[in-house]
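The values are calculated or read from the model by the stated rules, or taken from the named source; none is laboratory data. This one's a predicted model, so the numbers in the text were calculated from it and none came from an experiment. Glycine gets a Cβ as well: all are built from the backbone with ideal geometry, and neighbour counts include every protein chain shown.
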């Protein structure tokens with residue numbers, strides 16, 4: 001296994017710390033949907049309805065699990081949660 005160090009990131013993240021909070025919260029609970037993981041996070045991302053709306057707005061089914069999302073989807077989700 002090896003790593004390729006890129007000159008520039010593949011995805012530009014505007015607010016890195018908030019992005020990390022979203023990703024951490026998404027994976028914090030095993031075998032949970034992305035909606036339930038974010039809803040039950042110690043970091044408040046809003047109500048269940050607000051989180052579901054943000055997920056749907058960026059084209060993510062709230063029943064998906066975090067491990068099925070790619071980097072671009074996490075970026076879109078973080079931006080949607082931040083502005084919602």
Practice prompt. Can you confirm whether the stretch 56-77 contains a residue that is at pLDDT below 95 and either surrounded by 17 or more Cβ atoms within 10 Å (Cβ to Cβ) or over 17 Å from residue 20 (Cβ atoms) (or both)?
Written response: no
Fill in: Filter result for residue 53 (at pLDDT 95 or above and farther than 23 Å from residue 9 by Cβ)
yes
Worksheet item: Out of all the residues in the stretch 1-59, which are in contact (Cβ under 8 Å) with a residue 24 or more places away in the chain and in a loop (DSSP other than H, G, I, E, B)?
Response: 10, 11, 13, 14, 15, 31, 32, 45, 46
Item to complete: Could you grab me the full set of residues in the stretch 67-77 that are touching a helix residue (DSSP H, G or I) at 6+ places or on another chain (Cβ under 9 Å) and within 14 Å of residue 27 (Cβ to Cβ)?
Response: 67, 68, 69, 74, 77
Discussion item. Being under 14 Å from residue 84 (Cβ atoms) and either surrounded by 13 or more Cβ atoms within 10 Å (Cβ to Cβ) or touching a strand residue (DSSP E or B) at 6+ places or on another chain (Cβ under 7 Å) (or both) narrows it down to one residue among 51, 34; which is it?
Written reply: 51
